[in-house]
Amino acid sequence: MRALDAHGLRTNTIVIFTSDNGGLHVPEGPHKRITDNSPFRAGKGFLYEGGLRVPLIVRWPGHVPAGRVVDTPIVNTSWFATLCELAELKPPRDLEAPSFAPLLLGSAVRATRIFWHFPHYTNQGGRPGGAVRDGDWKFIVHYDAAMPELYNLASDVGETKNLAAQNPERAREMHSWLNAWIEKVNAQTNAPNPDFNPALFRQLYEDIDITRHVPTKATSRAHAQLLKWRKQMNAVVPKPRK
């Protein structure tokens with residue numbers, strides 16, 4: 001920042017500080033100091049808020065109001081359209097995520113529907129799944145399980161109460177939005193694994209709920225269980241080819 005100011009580039013340079021995922025909340029490789037994303041659930045590699053919420057700080061003196069905090073949710077793929085608009089350039093055709101340039105410049109903008117699709121298992125414990133955010137409502141589906149999840153983030157930002165059973169119509173509607181979006185963008189989808197091991201799946205994804213782990217509040221017993229889980233997960237993660 002000081003270098004930009006010193007070289008007279010302050011007013012025509014947009015500085016963006018953000019991230020590609022939430023904090024890592026389970027031990028991974030050499031990373032022993034893991035992140036407490038409270039009050040959000042889980043972390044990197046998951047579709048819960050601990051994995052999706054990331055920092056976003058923008059500086060552009062004379063254009064982006066300083067010290068302003070905005071609660072409107074946006075998705076980082078919107079940066080393509082946003083930066084084109086801010087630079088007064090014509091954006092590429094058929095961008096899926098809209099510009100949020102007016103929001104940065106001080107105007108109120110209506111939140112758009114946001115989709116996530118992650119058809120992979122991760123070594124953090126994440127599972128193939130998709131999610132939709134529509135206002136305060138958030139829908140999650142894991143592609144390897146039939147149980148949908150529905151949360152109201154206004155009253156339950158920690159995603160502790162699955163409301164899908166009480167709101168089946170909303171859950172079905174949001175699921176249909178997700179399926180339509182996946183088809184629209186021609187996203188990769190999953191196929192059954194002929195080598196699926198039910199016992200191993202149970203050990204890694206059902207016997208322990210990694211999404212509920214809070215590093216700073218875990219008991220010594222819970223931490224020992226986590227390390228055992230980490231060892232099991234490491235054993236099944238494919239090793240990189242030399």
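Every read-out reported here was derived from the displayed coordinates using simple, explicitly stated rules and does not represent laboratory data. The structure presented is a predicted model; accordingly, all values stated were derived computationally and were not measured. FYI the Cβ positions are ideal-geometry reconstructions off the backbone, even for glycines, and counts take in every protein chain you see.
Quick look at the numbers
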| read-out | value |
| --- | --- |
| Ordering of 131-144, 222-235 by packing [mean C-beta count within 10 Å, highest first] | 131-144, 222-235 |
| Residue order, fewest to most beta carbons within 10 Å, for 109, 237 | 237, 109 |
| Shape category assigned to the range 118-220 from the gyration tensor of Cα positions, a/c cut at 1.5 | oblate |
| Computed E for residue 195/residue 110 - FRET, C-beta separation, R0 41 angstrom, nearest 0.05 | 0.30 |
| Under the span-like rule (Cα at least 20 Å along the axis, Kyte-Doolittle mean at least -1.0), DSSP H helices of the chain | 220-236 |
| Exceeding the 31 Å Cα-Cα cut-off - candidates 138/217; 161/228; 217/242; 184/242 | 217/242; 184/242 |
| Listed candidates (i) 1.07; (ii) 1.15; (iii) 0.98 - label of the one calculated as Cα Rg over 2.2 N^0.38 Å | (ii) |
| GluC sites (Glu not before Pro) lying in DSSP loop within the range 81-119, provided at most 13 other Cβ fall within 10 Å | 88, 96 |
